[in-house]
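Quick notes on the structure that follows.
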Amino acid sequence: MPVPNAAVQETAIGPSPHRVVNDFSIQVATVNGSGSQTANLVLIRSIFQMGVPVSGKNMFPSNIAGLPTWYTIRASKDGYIGRKKEIDVLVAMNPETAKEDVLSLESGAAVIYDEPLNLKALRADLLFYPVPFDKLVAPVCPDAKLRRLVRNMIYDGVLSCLLKIDMAQMEKALRKQFGKKAKAVELNLGALTAGYGYAEANLPKQDPFYIEPMDQTAGKILIEGNAAAALGCMMAGVTVVAWYPITPSSSLPETLIDYMRKYRTDKETGKATFAIVQAEDEIASIGMVLGAGWAGARAMTSTAGPGVSLMSEFAGLAYYAEVPGVVFDIQRVGPSTGLPTRTAQGDILTTAVVSHGDTKHILLLPASVGECYSMAMDAFDLAEQFQTLVFVMSDLDLGMNTWMSDPFEYPTRPLSRGKLLDAETLERLGTEWGRYRDVDGDGIPYRTIPGDGMPAYFARGSGHNERGQYSERPDDYQRNLERLARKFETAKRFVPQPEASEQEGAEIGIIAYGTSHFAVMESRDQLLSEYGVKTSYLRVRAYPFGDEVRAFVERHKRIYVVEQNRDAQMRSLLKIDLPADLASKYRSVLHFNGLPIDARSVTDDLLEQEGAKPAAPKKAVAFSGGLGGE
Amino acid sequence: MADTPTVPPAPAKKTNRLGLEVAPYRGGRTTLCAGCGHNAISERIVESFWEMGVDGSQVIKLSGIGCSSKSPAYFLGTSHGFNAVHGRMPSVATGAILANKTLIAIGVSGDGDTGAIGIGQFVHLMRRNVPMIYIIEDNGCYGLTKGQFSPTADVGSTLKNGVVNDLPPLDTCVMAIELGATFVARSFSGDKKQLSAILKAAIAHRGTAMIDVLSPCVTFNDHSGSTKSYAYVKEHDEVLGEISFVPFFDDIAVEYEPGTTKEVTLHDGSRLYLKKVAEEYDPTDKLKALRVLHETARRGEYATGVLYVEPDRDDFTTLLNTIDEPLATLPLDKVRPPKAALDEIMESLR
Ligand SMILES: Cc1ncc(C[n+]2csc(CCOP(=O)(O)OP(=O)(O)O)c2C)c(N)n1
Ligand code: SF4
């Protein structure tokens, strides 16, 4: 056993008198490609298994190997799962960023670091735990080539000892991670134990951070948004998928392929009830979706902002020719490559109206993995009910990060195929039927699909009358556009309705959507408990907005629209859609540095605009990596 | 009482094997210029689908953008049609066929639509061997936007105003063969007999049937400086052989002499007979087909006929191994896994 390291005892501040239990963040800084993801997942899972609410966020560069990457785990006894800006425990494994990482910490944080990095001298107000990773890994992993991968498991062992994370849970999580790979289990268990043993013998506890068992995760699951969306698509009965790789959306179809191979392939014949095609580009992928949707299939694609731009022409055709289809936009920072591995809500405005001429699209705005799942089903139903494209506006934070959730429920409702003309309806309508005729007054016409034996029609982007015949008559065109507007109006009542949470007597209303939700929820608690500021909150879940959105804006004096883009895109959409006299109420809380929005930033910004608190000094952002492109 | 004049019985209207007259196979009235080659091609499509006795409700017709791409409105009026966007019909067709592979798909494109903006999708349609008939109505120019050069215009050919094209043309047949299309033909809108036979064989083929049809644009590209004018094509048409097609449901004796004829049995059992004229031509030999295309092109001629056939390669839906029924109309229990599946997945995530 190595002798205790005297350096630790010399730390400027002594053992903390108070205990911080289940309410802190851990950040692991490693080199991209060093295999740290496994160690990080074992870490988050073991805390989760101890019943403590957790969330994990990956900040990684647009690069395969060599650049800095960070993984942040937040344990929150109160169940806050948004990003926490301040890091409490840092695991510094990357020489390139170690210094900057340490300098950005708040006073009192703990630093576990690779001993040769010699970080202790940097600051006197932090707690340092040096660990000789190379020395520890050599005896447990004789094969030098594998050491790089196994080495990371040592910090899990150290953290287990320091933070009191149950080693049995670590081992369980590790076994789950590696499954049947016996050799990997053995090697990693060795490293885990070596880390624990070293910490126990050499690193006296100085910091106040503890994980203690709770009962807040029983029955819950850990999943990424893209996997949740893939599950939703499978349960929604998707049959044709056409996609083109782009971060951060690729894991959606890739997971879908895995699920569909397993659950949607006939065991006996090996035949699939689906077709998944990796298209040659985004234009082709949306083209395939249109062809399949027109022919009656539940079809989808997934992409990010640059892909939506390329799909623009087809999107307009789908709107006007009234072809159903689902597009998942996993938003990232733009333009073009932008910061492809960072998050944003930057496609809202363009996607709402993407294409030329008069176009409007239904947007769904999931905030959680649960909604990625349920809104996938909503999207397919709405697409067929309204015979149009439906865009599900997820983002990188939601799509690619690990979230805790209640397990997903098995859908009970049948597939809603919308107004597909059948023989009986044809009989009833008789000559009244025309592909683009509004017989029910809701703007939604009846459609037929090839091969169904019902009357055929010619779908096209060129002007057409109610019968689908070519027409350049001004009245035909105008009537069609008016009906399409009526159809969009009808959609208001069918899209997911907003969720409101009001505080008695609140003058301030907050509107947010998507992943900003978690920061807003936590911020509202901070505003109330720390500053006595009451707020009401409306989470918008779809575009077009339901009437409730307007009522909420009318009910409050000032409306803060919180969003993750520079130009206040949702605020613009509200201005366009709601009465103009409400426009003076809007203010914005904007966050657009590529990192997920956090509660403290929302609180500070809102208070500053309220004149209730002097501007908080803006801290430099800890992450500077992310060079390279894709 | 005067004798009632006897009315001679009307001659029985000709019907196909479905008992249908040709009328339902027609479409709307054409809005293309009178004499446009594209109209003649529509006529041949009407004729061949009628003669093959194809049920119009089981056909989908798709197109891109251009004069040519308007033409699906002028044939097969009982079929669903989709006029897509410029150059991107292949993806729409692919999606529709994936949704319902039991349909017969016919796509119409122009040489600009395919060769310029749509060349990427053309490439991938061919390499996937998507089961469809893909017709290029090739006039060497952009008709609908009033006469600009298209990528199939020959070096040295001129616009009406005398501007000379100095870029080499794309040969869509050479490309299609290289890329993996399993039925490649070239014809001329003015050659009724050849085009009809090719179309009927294409209907029977399972895989991508790519047919480049020289189709003069009488308005912008039928002058003496054009190599895609009626006069030029007629004079430089190098017919590879006479084609005769026998659908699987017909059982007629074929008059071709063995030894001078190549017989190809298509996917559905139909037979294609190719009578060799000029030289030993074997349409199943890829290298020879390419060689003939290059040689005729060098002479400023067009080799026409069925250039290449590979009837046995798996088409795209076979490769994807989709269920026999159309994906589009599968019932809920076929497309939503049971609750046990979701439970199993949820368990793995705990
Ligand atoms: C994105 C886009 N770009 C340009 C056009 C304009 N456009 C319409 S038809 C056409 C050319 C069609 O030429 P071709 O495919 O050769 O068909 P033809 O009219 O000669 O039959 C063009 C460029 C368009 N409709 N869409
Ligand atoms: S412009 Fe040319 S291609 Fe177009 S319809 Fe007239 S003749 Fe045909």
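Here are the numbers for the structure shown:
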{"item": "Unmet criterion (only one of (1) more than 20 Å from B:Arg336 (Cα to Cα); (2) in contact with a Pro (Cβ under 8 Å, 6 or more places away or on another chain)) for A:Ile276", "result": "(1)"}
{"item": "Subset of segment B:284-334 that is in contact with an Asp or Glu (Cβ under 7 Å, 6 or more places away or on another chain) and of a type in the set (Gly, Ala, Ser) - its residue that is surrounded by the fewest Cβ atoms within 10 Å (Cβ to Cβ)", "result": "B:Ala297"}
{"item": "Test for B:Ala341: is it more than 30 Å from A:Ile449 (Cα to Cα) and aliphatic (A, V, I, L, M)", "result": "yes"}
{"item": "Where a residue in segment B:303-325 is within 14 Å of chain A (Cβ to nearest Cβ) and under 19 Å from B:Leu125 (Cβ atoms) and its partner, wherever it lies, is among the basic types (Lys, Arg) and part of a helix (DSSP H, G or I), with Cβ under 7 Å and at least six apart", "result": "B:Phe316/B:Arg128"}
{"item": "Flag for B:Ser226 being within 16 Å of ligand 1 (Cβ to nearest atom) and either touching a Ser or Thr at 6+ places or on another chain (Cβ under 9 Å) or more than 14 Å from chain A (Cβ to nearest Cβ) (or both)", "result": "yes"}
{"item": "Test: residue in segment A:143-156 that is among the acidic types (Asp, Glu) and assigned to a loop (DSSP other than H, G, I, E, B)", "result": "yes"}
{"item": "Residue within segment A:162-177 that is buried (at least 19 other Cβ atoms within 10 Å of the Cβ) and of a type in the set (S, T, N, Q) present", "result": "yes"}
{"item": "Evaluation of A:Val238 against (1) outside any helix (DSSP H, G or I); (2) over 17 Å from A:Ala275 (Cα atoms); (3) of a type in the set (Val, Ile, Thr) (one fails), failing number", "result": "(2)"}
{"item": "Residues of segment A:57-79 that turn out to be small (Gly, Ala, Ser) and under 18 Å from the mean Cα position of the chain (by Cα), as a count", "result": "2"}
{"item": "Of residues in segment B:115-147 being of a type in the set (Ser, Thr, Tyr) and within 10 Å of ligand 2 (Cβ to nearest atom), the one surrounded by the fewest Cβ atoms within 10 Å (Cβ to Cβ)", "result": "B:Thr145"}
{"item": "Residue check, B:Leu76 farther than 29 Å from B:Leu319 by Cα and either within 13 Å of ligand 1 (Cβ to nearest atom) or not polar (S, T, N, Q) (or both)", "result": "yes"}
{"item": "Qualifying residue in segment A:242-264 (condition: at the interface with chain B (Cβ under 9 Å from one of its Cβ atoms), over 30 Å from A:Gln49 (Cβ atoms) and β-branched (Val, Ile, Thr))", "result": "no"}
{"item": "Selected residue [more than 24 Å from B:Leu18 (Cβ to Cβ), within 14 Å of chain A (Cβ to nearest Cβ) and either modelled with pLDDT of 90 or more or within 16 Å of ligand 1 (Cβ to nearest atom) (or both)] from B:Leu214, B:Leu179", "result": "B:Leu179"}
{"item": "Residue check, A:Thr490 β-branched (Val, Ile, Thr) and within 12 Å of chain B (Cβ to nearest Cβ)", "result": "no"}
{"item": "Residues (within 29 Å of A:Asp143 (Cβ to Cβ), surrounded by 15 or more Cβ atoms within 10 Å (Cβ to Cβ) and of a type in the set (A, V, I, L, M)) located in segment A:178-217", "result": "A:Ala184, A:Val185, A:Leu187, A:Leu189, A:Ala191, A:Leu192, A:Ala194, A:Ala199, A:Leu203"}
{"item": "Filter result (in a helix (DSSP H, G or I) and either under 21 Å from A:Gly225 (Cβ atoms) or out of contact with any Lys or Arg (no Cβ under 9 Å at 6 or more places or on another chain) (or both)) within segment A:43-88", "result": "A:Leu43, A:Ile44, A:Arg45, A:Ile47, A:Phe48"}
{"item": "Given (1) at the interface with another protein chain (Cβ under 7 Å from one of its Cβ atoms); (2) touching a residue at least 60 places away in the same chain (Cβ under 8 Å); (3) surrounded by fewer than 24 Cβ atoms within 10 Å (Cβ to Cβ), number of the condition A:Leu231 does not satisfy", "result": "(3)"}
{"item": "Identity of the residue in segment B:335-350, within 7 Å of chain A (Cβ to nearest Cβ) and in a helix (DSSP H, G or I), that ends up surrounded by the fewest Cβ atoms within 10 Å (Cβ to Cβ)", "result": "B:Lys339"}
{"item": "Residue among A:Ser588, A:Ser572 that is in a helix (DSSP H, G or I), among the polar types (S, T, N, Q) and on the phi < 0 side of the Ramachandran plot", "result": "A:Ser572"}
{"item": "Enumeration of residues in segment B:15-63 that are away from ligand 1 (no atom under 16 Å from the Cβ) and at positive phi", "result": "B:Gly19, B:Gly53"}
{"item": "Filtered residues of segment A:213-235 (kept if assigned to a loop (DSSP other than H, G, I, E, B) and of a type outside the set (A, V, I, L, M, F, W, C))", "result": "A:Pro213, A:Asp215, A:Gln216, A:Thr217, A:Gly219, A:Lys220"}
{"item": "Only one of B:Gly35, B:Gly27 that is within 16 Å of ligand 2 (Cβ to nearest atom) and over 26 Å from B:Phe245 (Cα atoms)", "result": "B:Gly35"}
{"item": "The listed residue being free of Cβ contacts under 8 Å to residues at least 12 places away in the same chain and small (Gly, Ala, Ser), out of A:Gly418, A:Gly434, A:Gly430, A:Gly443", "result": "A:Gly430"}
{"item": "Segment B:75-114 - residue that is crowded, with 24+ Cβ neighbours inside 10 Å, more than 7 Å from chain A (Cβ to nearest Cβ) and within 16 Å of ligand 2 (Cβ to nearest atom) and, of those, farthest from the chain's Cα centre (by Cα)", "result": "B:Gly112"}
{"item": "Checking B:Asp154 against (1) within 14 Å of another protein chain (Cβ to nearest Cβ); (2) away from ligand 1 (no atom under 13 Å from the Cβ), the condition it does not meet", "result": "(1)"}
{"item": "When residues of segment A:397-409 are limited to those that are of a type in the set (A, V, I, L, M) and buried (at least 24 other Cβ atoms within 10 Å of the Cβ), the one farthest from A:Arg45 (Cα to Cα)", "result": "A:Leu398"}
{"item": "Residue tally, condition polar (S, T, N, Q) and touching a strand residue (DSSP E or B) at 6+ places or on another chain (Cβ under 9 Å), over segment A:311-353", "result": "5"}
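The values are calculated or read from the model by the stated rules, or taken from the named source; none is laboratory data. Small disclaimer: the values here were computed from a predicted structure and weren't measured. Note that we place each Cβ from the backbone using ideal geometry, even for glycine, and neighbour counts take in every protein chain shown.
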